[in-house]
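Notes follow once the structure below has been shown.
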Amino acid sequence: MIRLERDEMTYSVKLFFEDGHEAAITCEPDEDVITAALRQGLILMSECREGACSTCKCFLADGEYTELLPFSVYALSPSEQEEGYVLACRLRPSSDAEIEFDYPFSMVQQYEETERRGSLDQIEMVSDTVARVVVRTMAAQDPMQYLPGQFVRIALSNGVSRDFSMANVSDDSRRLEFFIRVYPDGEFSSYIARSASSGEGVTLYGPRGKFILRDHDRTPVFIAGGTGLAPVLAMLRRLAADRPAQPSVLIFGNTNVGDVFGADELKVLTEQMPNLQVVSGVINPDDSWTGEVGTVTEIAQKYISGVDSSQFEYYYCGPPKMIEATTQMLESAGVARDLRHHEDFVPSRMENDNG
Ligand SMILES: Cc1cc2nc3c(=O)[nH]c(=O)nc-3n(C[C@H](O)[C@H](O)[C@H](O)COP(=O)(O)OP(=O)(O)OC[C@H]3O[C@@H](n4cnc5c(N)ncnc54)[C@H](O)[C@@H]3O)c2cc1C
Ligand code: FES
């Protein structure tokens, strides 16, 4: 009798991955999907497990839930929730369910988190507001292997830790390159710009994230807001090495002319990739500015209006407001959700806002 009641309350959850792979788990009534999958040996993509980071965002194709556990609107917007998206770490199904994940099954156990010690190797301001930082990991550990677009959490020796996306591709050099926006009152970034010195120790946790290049035939359109260029640079550098003839588009937006960075890196990439088109814009131009004017979302909208958007696959990255505006713009343009991939640079101080 007891066993019958328990079976009745255990839900069967089917998981569908981007590469067509399927997996099945069971979920207890008081269990979220990430926890249930872990109990059954599947490490689904997740990071905070508190509804803050959006790494576990997925689509509930079938099934019900009463309400999601508390989460931040920066991780899942009301419109995404209305559309059927959920956060697997916040979802306790109240029926059998089917869930679609926008990454291949090979990601499920492949990228277990590791911890590495490293040191700050180079720190230089590359615009009025952006620092380029190179971290070198210790020779005693294997070099970190990651996919272009992924990020790590960097912990400073003063205890402050933040997430940053690698701008270079993974290799044996032990060098990880980052582009960090410097906020005057930013605990991490102002320390990096004002106080950190070369050789200082850091701890890296990762790699993390599922903002990765999909191996599709479509032309990638990258939309980068400010330091959202970092993971996009890693993706473009991978394409330049593997598929230099690949037609690609980069739309890069900044607020002020003084914020713009990355000219040298983009010059090398356009030389390596003859079919790469780079469109750069700022919101506040000055007399010297010859590029586009407007928000990066407006510039992207101008670019894609009138083209058959189903030929493209969209990768966009930047601060939450830019991500929300770009998602809305692409939705309005009729871009299918499986052709949109984004990384949201949710500031850590917003991570605990429940929405
Ligand atoms: C997955 C992921 C990847 C990331 N990758 C990068 C990266 O490659 N490069 C990068 O520069 N950042 C990246 N970020 C953001 C980064 O982790 C920090 O949140 C950011 O650098 C601010 O940290 P801080 O300690 O300097 O500022 P905090 O001390 O956390 O914030 C201080 C103040 O800075 C201001 N502030 C902070 N963030 C913003 C914002 N987005 N918009 C407006 N004001 C803000 C606010 O006034 C805030 O009160 C990423 C975030 C995530 C979640
Ligand atoms: S792991 Fe679910 S929102 Fe971060």
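The values are calculated or read from the model by the stated rules, or taken from the named source; none is laboratory data. Here the structure is a predicted model, which is why all the values come from computation and not from measurement. Here the Cβ positions follow ideal geometry from the backbone for every residue, glycine too, while neighbour counts run over all protein chains shown.
Below, the figures for the structure above:
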quantity	calculated
Filter pass, Val86 being in contact (Cβ under 8 Å) with a residue 24 or more places away in the chain, within 16 Å of ligand 1 (Cβ to nearest atom) and either assigned by TED's automatic domain parsing to the domain that holds Arg337 or farther than 18 Å from Arg208 by Cα (or both)	no
Residues of segment 283-306 classified as touching a strand residue (DSSP E or B) at 6+ places or on another chain (Cβ under 8 Å) and either among the polar types (S, T, N, Q) or not assigned by TED's automatic domain parsing to the domain that holds Gly258 (or both), total	3
Residues within segment 215-233 that are surrounded by fewer than 24 Cβ atoms within 10 Å (Cβ to Cβ) and farther than 22 Å from Gln301 by Cβ, tallied	3
Search result, residues across segment 108-137 that are modelled with pLDDT under 90 and surrounded by fewer than 19 Cβ atoms within 10 Å (Cβ to Cβ)	Gln109, Gln110, Glu112, Glu113, Thr114, Glu115
Residue match in segment 48-63 (condition: in contact with a helix residue (DSSP H, G or I) (Cβ under 6 Å, 6 or more places away or on another chain), within 13 Å of ligand 2 (Cβ to nearest atom), hydrophobic (A, V, I, L, M, F, W, C) and not assigned by TED's automatic domain parsing to the domain that holds Ala325)	yes
Whichever residue in segment 10-33 is in contact with a Ser or Thr (Cβ under 9 Å, 6 or more places away or on another chain) and surrounded by fewer than 18 Cβ atoms within 10 Å (Cβ to Cβ) and, among such residues, is nearest to Asp338 (Cα to Cα)	Asp19
Strands (runs of 3 or more DSSP E) fully within segment 125-243 counting 3 or more residues that are within 16 Å of ligand 2 (Cβ to nearest atom) and without any contact (Cβ under 8 Å) to a residue 60 or more places away in the chain	none
Candidates Ala336, Ala300, Ala245 - the one that is exposed (fewer than 14 other Cβ atoms within 10 Å of the Cβ), more than 15 Å from ligand 1 (Cβ to nearest atom) and under 26 Å from Gly209 (Cα atoms)	Ala336
Which numbered condition Asn254 misses (of (1) under 25 Å from Gly84 (Cβ atoms); (2) within 15 Å of ligand 1 (Cβ to nearest atom))	(1)
Verdict on Arg194 being of a type outside the set (Asp, Glu), within 19 Å of the chain's Cα centre (by Cα), outside the structural domain of Gly262 (by TED's automatic domain parsing) and at pLDDT below 95	no
Ile25 being outside any loop (DSSP other than H, G, I, E, B) and either at pLDDT 95 or above or more than 20 Å from the chain's Cα centre (by Cα) (or both)	yes
Residue count for segment 81-99, restricted to those that are closer than 10 Å to Cys27 by Cβ and of a type in the set (Phe, Trp, Tyr)	0
Single match in Ser309, Ser280 (criterion: within 22 Å of Leu233 (Cβ to Cβ), among the hydroxyl-bearing types (Ser, Thr, Tyr), more than 16 Å from ligand 1 (Cβ to nearest atom) and not assigned by TED's automatic domain parsing to the domain that holds Gln150)	Ser280
Residue that is at pLDDT below 95, within 12 Å of ligand 1 (Cβ to nearest atom) and under 28 Å from Gly291 (Cβ atoms), where the choices are Phe261, Phe211	Phe211
Filtered residues of segment 60-79 (kept if away from ligand 1 (no atom under 16 Å from the Cβ) and either more than 20 Å from the chain's Cα centre (by Cα) or buried (at least 17 other Cβ atoms within 10 Å of the Cβ) (or both))	Leu60, Ala61, Asp62, Gly63, Glu64, Tyr65, Thr66, Glu67, Leu68, Leu69, Pro70
Odd one out for Thr55 among (1) surrounded by fewer than 20 Cβ atoms within 10 Å (Cβ to Cβ); (2) touching a Ser or Thr at 6+ places or on another chain (Cβ under 8 Å); (3) within 28 Å of Thr137 (Cβ to Cβ)	(1)
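Conditions tested, residue by residue: (1) within 16 Å of ligand 1 (Cβ to nearest atom); (2) more than 26 Å from Asp215 (Cβ to Cβ).
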| residue | (1), (2) |
| --- | --- |
| Ser54 | yes, no |
| Cys58 | no, no |
| Gln81 | no, yes |
| Asp96 | no, yes |
